[in-house]
Amino acid sequence: MRIAVCPGSFDPVTCGHIDIFARASTIVDRLIVAVFHNPGKKPLFTMEERVEMLRVATAHIPNIKVDCFSGLLTEYVRQQNSTIIVRGLRALTDFEAEFQRALLIKKIDPGMETVFMMTNTEYSFVSSTGVKELAMFGGNISGLVPEAVKAKIIERLNHD
Ligand code: ADP
């Protein structure tokens, strides 16, 4: 069985992420979407909230499992009986960071392969950060995130 892991902050999940999940899920038997703790970022949503939003937003894709982890990505991927990491690429700006990360992963675990999927042109400008900023200033985020996520963002921003 071919298993791949798609790790990310997903704070929160956007339609760009879901497009990558849907496409990646067609080329593997099982796709594990894993929320990871990124010490460099101060999240708007807790890990549990992000996992819950991902579960709702990916309920229509049968071979997806949503999980979370903290620690070394390669160790987590191995624990899941996988050696494939899927990441999405939007623009040239993503490339530099992803290139470095993929090489670092290769260095610490040569059996691990990072695979990249190009963004759907419709979502090439969509990022979790951009969506949160837009919502903060009252912009319309419909179509950029699932409807359930939109409601959660608005609720969170109105309470803080
Ligand atoms: P991270 O904090 O690891 O960058 P993100 O949640 O921002 O996590 O993104 C997870 C993955 O999804 C990354 O590989 C990122 O490049 C990709 N991604 C984010 N937004 C999009 C999008 N609109 N289209 C394609 N890939 C995307």
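Taking the condition of being within 13 Å of the chain's Cα centre (by Cα) and open to solvent by less than 30 Å² (accessible area, probe 1.4 Å), how many residues in region 89-108 meet it? Spell out the reasoning first.
We begin by selecting, within region 89-108, every residue within 13 Å of the chain's Cα centre (by Cα); these are 89-90.
Among the residues that remain, those that are also open to solvent by less than 30 Å² (accessible area, probe 1.4 Å) are: 89.
Counting residues in region 89-108 that are within 13 Å of the chain's Cα centre (by Cα) and open to solvent by less than 30 Å² (accessible area, probe 1.4 Å) gives 1.
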Original post:
Does region 127-154 hold any residues that are buried (at least 17 other Cβ atoms within 10 Å of the Cβ), without any contact (Cβ under 8 Å) to a residue 24 or more places away in the chain and closer than 17 Å to residue 55 by Cα, and which are they?
Top reply: 150
Original post:
What number of residues in region 82-115 are farther than 17 Å from residue 35 by Cα and touching a residue at least 60 places away in the same chain (Cβ under 8 Å)?
Top reply: 2
**OP:** Just give me the residues in region 28-49 being touching a residue at least 24 places away in the same chain (Cβ under 8 Å), more than 9 Å from the ligand (Cβ to nearest atom) and out of contact with any helix residue (DSSP H, G or I) (no Cβ under 8 Å at 6 or more places or on another chain), in sequence order.
**Re:** 28, 29, 30, 32
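Within 9 Å of the ligand (Cβ to nearest atom) and either among the charged types (D, E, K, R) or within 20 Å of residue 23 (Cα to Cα) (or both): does that describe residue 88?
On the way: within 9 Å of the ligand (Cβ to nearest atom): yes; either among the charged types (D, E, K, R) or within 20 Å of residue 23 (Cα to Cα) (or both): yes.
When the stated conditions are applied, residue 88 passes them.
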Original post:
When you scan region 91-118, how many residues do you find that are in contact with a helix residue (DSSP H, G or I) (Cβ under 7 Å, 6 or more places away or on another chain) and more than 12 Å from the ligand (Cβ to nearest atom)?
Top reply: 4
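The values are calculated or read from the model by the stated rules, or taken from the named source; none is laboratory data. Computed from a predicted model, the values in this text were never measured in an experiment. Backbone-built Cβ (ideal geometry, glycine too); neighbour counts: all protein chains shown. Note: areas computed on protein heavy atoms with side chains; ligands, DNA, RNA excluded. Shrake-Rupley method; radii C 1.70, N 1.55, O 1.52, S 1.80 Å.
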